Structures are given as structure tokens and as C-alpha cells.
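The values are calculated or read from the model by the stated rules, or taken from the named source; none is laboratory data. Model, not experiment: these values are computed from the prediction. Cβ coordinates were reconstructed from backbone atoms using ideal geometry, including for glycine residues, and neighbour counts include every protein chain displayed. With ligands, DNA and RNA removed, areas are computed over all heavy atoms of the protein, side chains included. Shrake-Rupley method; radii C 1.70, N 1.55, O 1.52, S 1.80 Å.
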Amino acid sequence: MLVFLLVLGYAGFGFVLDDQLRPVSSQGLAARAGWFGETSLGLAAGWTIAVVCVLPIAIFGGIAVQLSLNLPSFGWLAADAAYFALGTLAMQIAFRGYPFQCAIRIIGELPASLMMAVLYGIFLAWLPGASKASMAVNIALGLLLALAYLRTRALWLPWGLHFGWVASRALLFGLTVNGLSSHSPVVQGDTMGASWLTGGEFGLDGSWVAFVVILLAMPFVYRATRDLSFKYNAPVLEPGGIPVDLDAAARRQHETATRPEVPEVKPLVQILPAASPAPPVLAPDLDDPRDYHG
């Protein structure tokens with residue numbers, strides 16, 4: 001219901017205030033070619049970040065794991081996966097959708113990314129058990145998700161990354177997420193070690209190791225989205241000047257070059273002799289004596 005209300009509300013704002021003809025697609029939810037691949041890339045990146053954060057705990061601390069392999073547990077596991085998928089999608093629409101895009105138009109990409117990341121950290125700082133480390137982790141995560149959006153101009157990659165980061169810890173490793181440890185009915189994990197490593201009762205969201213790993217993940221995400229950025233961030237060339245049909249011009253040049261040479265037929269010029277002028281008519285000679293004799 002939250003996802004539906006967010007999409008509907010922001011679509012109304014975009015249609016009324018910004019004259020968007022496709023307000024849902026303009027939020028970053030365009031059903032374009034390759035959207036599933038972008039989501040899968042985000043899932044892989046989020047899963048990788050979670051694994052890199054869990055490995056030091058397993059090596060330098062420990063994880064006590066309990067399994068429940070009955071059929072109803074797997075049913076609830078699927079329901080929890082859908083819950084995390086919709087929950088992370090709602091967060092992306094709220095913090096990387098229409099408000100983030102409006103902020104980019106007003107103050108630019110970097111200030112807007114910093115602003116929304118800080119707001120994201122403050123929003124989650126109200127959770128029970130939150131700390132300075134958890135706020136730092138969430139701000140870093142907000143910057144990483146903003147980078148994922150800016151590189152693709154869509155929510156598919158950041159949504160997949162956020163879902164992979166949360167669901168991997170909660171459903172695959174059974175770890176605590178934002179202070180809640182009862183997400184996975186199949187796997188239950190209890191971490192052992194220093195709070196800077198495990199995040200304590202708040203989970204990896206409050207671990208300084210997770211903060212460092214998320215920062216280190218930014219150049220890798222930037223590199224992995226090189227082709228997507230070239231595809232969706234290339235400048236749009238506006239036509240200008242005098243329109244020229246290059247194909248027609250090349251075709252005319254080719255026809256002129258391959259046309260058989262025909263000798264030029266020059267028109268005949270007839271030169272006629274000049275006509276002799278008529279002799280002038282002289283006035284009668286009044287002194288002629290014949291005039292007096294009749």
C-alpha cells in the first residue's frame with residue numbers, strides 16, 4: 001500500500017506541477033529494455049557487500065547459526081522476501097524518486113545526493129538502538145544508492161542493490177537488520193565479536209566495517225555501470241542550421257561521377273551577310289533647268 005501511494009502521489013505531482021506525460025516512468029520506473037539486468041546487477045552488488053561485511057565476523061568473531069528446514073518456514077521465507085522487496089522499493093521511490101529528481105534540478109546532482117543521503121540517515125536514526133555508526137552507514141548507503149541512480153537514471157539498479165544488501169543479511173545469514181532479528185524463519189544467526197565489527201544488537205547497519213565497505217564499493221559500482229551511464233547519460237544532440245540530406249547529396253555525386261560522358265552538342269550559329277543600306281532619297285534639285293521647261 002505504501003508503494004502504491006508513493007507512486008500515485010508523486011505521479012500526480014509530476015503530472016500537475018511538471019507537465020509530465022508519463023509521470024510513473026519519469027520517477028525512474030520506466031519499463032525499458034534491460035531493466036531486469038540492471039536489477040540483477042544491483043542484487044549482485046548488494047549481496048557482495050553483505051558477504052564482504054560478514055566474512056570478517058566469521059573470521060575474527062563468530063556466527064552461531066540455527067536452521068529450521070520445515071515446509072512452513074520456507075513459505076514464510078518467501079513472504080519475508082516479498083516484504084523486503086516492497087519495503088526497499090518504497091525507500092527508493094521516497095528518497096531517489098520524484099523528490100530527488102526535483103532537488104537535482106534545483107541545486108544540482110552532488111548537493112542533492114548529499115542532502116537526500118543525510119535525510120535518509122536522519123530518518124533511520126530514530127530507530128531503537130541506532131548510533132553514530134548506524135547513521136554514518138546509512139548516509140554512506142544513501143550516497144551509494146544515489147550514485148546508482150545517477151549512473152542509470154532509473155530506480156532499478158539502486159532498488160536491486162538495496163534489496164540485495166538487506167535481504168542477504170536477513171534471509172540468507174539470519175542476521176539482525178536495523179535492530180530486528182526475526183526476519184528469517186529458516187536461518188537465525190547470532191554474531192559474536194566487537195560492536196565495531198558486528199554492529200552489536202543493531203546489526204551490520206551499525207558497524208564501522210560496513211561503513212568502510214560501502215565507501216569502497218562506490219568505485220566498483222561506478223566502474224560496473226560504465227556502459228549504462230554511456231547509454232542513459234549521453235547528451236541529446238539537438239539539430240540546428242540548414243537541413244542537409246547527406247544521402248541524397250552523396251547519391252547525386254555518385255551519379256555524376258559514374259554517368260557516361262556524352263559529347264556536348266553546341267548549337268549552330270549562322271552568319272549572314274550584312275544588308276546594303278538603301279540609297280538616301282535626295283530632294284529635287286531646284287536649280288535643274290529641266291524644271292523650268294516642263
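The set of residues in the range 149-176 that are buried (at least 23 other Cβ atoms within 10 Å of the Cβ), of a type in the set (A, V, I, L, M, F, W, C) and either farther than 23 Å from Gly129 by Cβ or in contact with an Asp or Glu (Cβ under 8 Å, 6 or more places away or on another chain) (or both) comprises Ala154, Leu155, Trp156, Leu157, Trp159, Leu161, Ala170.
For the criterion of being hydrophobic (A, V, I, L, M, F, W, C), out of contact with any helix residue (DSSP H, G or I) (no Cβ under 6 Å at 6 or more places or on another chain) and assigned to a helix (DSSP H, G or I), Ala79 passes. Report yes if Val16 is farther than 24 Å from Gly164 by Cα and either part of a loop (DSSP other than H, G, I, E, B) or open to solvent by 50 Å² or more (accessible area, probe 1.4 Å) (or both), otherwise no. When the stated conditions are applied, Val16 passes them. Residues considered: Leu8, Leu43, Leu29. Of these, the only one that is out of contact with any Cys (no Cβ under 9 Å at 6 or more places or on another chain) and over 27 Å from Thr225 (Cβ atoms) is Leu8. Of all residues in the range 30-45, those that are among the aliphatic types (A, V, I, L, M) and assigned to a helix (DSSP H, G or I) total 4.
From (1) among the hydrophobic types (A, V, I, L, M, F, W, C); (2) farther than 18 Å from Pro185 by Cα; (3) in contact with a strand residue (DSSP E or B) (Cβ under 8 Å, 6 or more places away or on another chain); (4) loosely packed, with under 13 Cβ neighbours inside 10 Å, pick out the condition that doesn't hold for Ile57. Status for Ile57: all satisfied but (4).
Comparison of Val16, Val24 shows that the only residue that is within 18 Å of the chain's Cα centre (by Cα) and β-branched (Val, Ile, Thr) is Val24. Within the range 207-237, restricting attention to residues that are surrounded by 12 or more Cβ atoms within 10 Å (Cβ to Cβ) and not in a helix (DSSP H, G or I), which residue is modelled with the lowest pLDDT? By that ranking, first place goes to Asn233. Tallying residues that are open to solvent by 10 Å² or more (accessible area, probe 1.4 Å), closer than 22 Å to Gly200 by Cβ and assigned to a helix (DSSP H, G or I) within the range 85-132 yields 4.
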